[in-house]
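Asks: Structure incoming, see below.
The values are calculated or read from the model by the stated rules, or taken from the named source; none is laboratory data. Remember, predicted model here, so these are calculated numbers, not experimental data. Positions of Cβ are generated from backbone atoms using ideal geometry, with glycine treated the same way; all protein chains shown enter the neighbour counts.
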Amino acid sequence: MNQIALQIATPYVTFEQYATLSGIPFNTVREMAKTGRLPLRPKDRPKEKPLINMLALTREAMEQKY
């Protein structure tokens with residue numbers, strides 16, 4: 001079995017950061033999060049900024065067959 005070592009700079013990023021990292025327009029990122037296509041960190045307070053869970057995205061990508 002092959003092993004892969006990944007280093008993730010931060011486990012959570014803002015919508016703005018994700019848009020910059022992925023090259024996806026901000027409004028598209030916001031819509032993807034709204035429709036459940038991006039995993040979000042649960043918020044403790046209603047006014048908290050939503051954060052995208054990069055660890056969950058990495059896990060999802062590793063589980064996909066290609």
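Asks: So the check is Cβ under 9 Å with 6+ separation or different chains; which pairs have a first residue in region 14-38 that's at pLDDT below 95 and a second one that's charged (D, E, K, R)?
Replies: If the second residue must be charged (D, E, K, R), no pairs are left.
Asks: Within region 3-21, identify whether any single residue is assigned to a helix (DSSP H, G or I), surrounded by 10 or more Cβ atoms within 10 Å (Cβ to Cβ), touching a Phe, Trp or Tyr at 6+ places or on another chain (Cβ under 8 Å) and among the charged types (D, E, K, R), and answer yes or no.
Replies: yes
Asks: Still on this structure, I have one more. For region 50-66, how many residues are at pLDDT 95 or above and part of a loop (DSSP other than H, G, I, E, B)?
Replies: 1
Asks: Can you tell which of ARG59, ARG45, ARG30 is charged (D, E, K, R) and touching a Phe, Trp or Tyr at 6+ places or on another chain (Cβ under 6 Å)?
Replies: None of the others qualify; the one that does is ARG30.
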